[in-house]
Amino acid sequence: MKLPKSAHTSRPWRIHEIAPDFRVEDVWALPTPGGPDDFPRLVEQTVSGDNFPEGAPLLVRVVWAARWKIGSVFGWDRPKSGLGTRVASLRDRLSDEMRDAPRGPESAGFPLTPVYLLKDEWAAELANGTVHTIMHLGWVPDESGGYRGRMTVLVKPNGRFGAVYMAAIKPFRLWLVYPALMREIERSWRAGAAGQPPVHS
């Protein structure tokens, strides 16, 4: 379920002090009900999940593939457009205490680079020729007395071109990519709770 931006900005996340120059783009309540100690499972599932976009509807897979093809043609995803070249990593902004803390899991198949991992908060980043973006996961109490994940996407567009790009992809992101991603997250979460691999429709 999509949430207002205040659902992220009103909570005392550490990301606020680390990335005040990034804007909140999207906030989602994740279909991942659990207990107070289940956050590490959400982070691990996010990083190790290899079923998106393969398990998504055909239209989502076509849009996803088109983005990477266009990016390849125009060089948006070249190393010189990424972290440590076009922009500095958010790791450079961390306090000594947070820099010495775990980053969280990494995977060759996951395109974002972990920044930090706390008890109820995790952030990973990605930069290319269009944007420097952060995926932020939090673990929050819900209305039933349990907990569930919350995902926020924060962005810093690369100039006017990056801002135009973000505006252009917004309908695809909101109406195609995110709904398919939420369904995949829910399937994987339920399968993990049952100790079984996810089943795709």
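The values are calculated or read from the model by the stated rules, or taken from the named source; none is laboratory data. Please read all numbers here as calculations on a predicted model, not as lab measurements. Here Cβ is always computed from backbone atoms with ideal geometry, including for glycine, and neighbour counts include all displayed protein chains. We work out accessible area using only protein heavy atoms, side chains counted, and drop any ligands, DNA or RNA first. Shrake-Rupley method; radii C 1.70, N 1.55, O 1.52, S 1.80 Å.
Summary table below
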read-out: For the chain: lysine pairs under 27 Å (alpha-carbon distance), excluding those fewer than 8 apart on one chain; value: 13
read-out: Calculated FRET value between residue 10 and residue 174, using beta carbons and R₀ = 30 Å, to 0.05; value: 0.85
read-out: Label-point separation, residue 143 to residue 41 (7 Å along Cα→Cβ), nm; value: 2.3 nm
read-out: Inter-site label distance for residue 160 and residue 88 at 7 Å from Cα along Cβ, in nm; value: 2.8 nm
read-out: Average projected area [Cα convex hull, region 100-188], square nanometres; value: 7.6 nm²
read-out: Rounded to 5, the percent of DSSP beta bridges in the chain classed as antiparallel; value: 95 percent
read-out: Heavy-atom accessible area per residue - the chain, 1.4 Å, Å²; value: 53 Å²
read-out: Cα gyration tensor category, rounded, prolate or oblate, for region 1-125 with a/c compared to 1.5; value: oblate
read-out: For region 138-193, projected area of the alpha-carbon convex hull averaged over all directions, nm²; value: 5.2 nm²
read-out: Expected 222 nm ellipticity per residue - DSSP helices of 4 or more, -39500 (n - 2.57), all of the chain, to 500; value: -10500 deg cm²/dmol
read-out: Approximate spin-label separation residue 80-residue 21, in nm, with each point projected 7 Å along Cα-to-Cβ; value: 2.2 nm
read-out: Amide H partners (placed H, <5 Å) of residue 32, local residues excluded; value: 149
read-out: Note, ³J(HN,Hα) from phi for region 29-37, Karplus 6.51, -1.76, 1.60, rounded to Hz, x at Gly and Pro; value: 7, 8, x, 10, x, x, x, x, 10
read-out: Region 60-159: GluC sites (Glu not before Pro) in DSSP loop, at most 10 other beta carbons within 10 Å; value: 143
read-out: At R0 = 22 Å, FRET efficiency that the Cβ-Cβ distance of residue 190 and residue 48 yields, to 0.05; value: 0.85
read-out: Heavy-atom accessible surface of region 1-155: percent carbon and sulfur, 1.4 Å; value: 57 percent
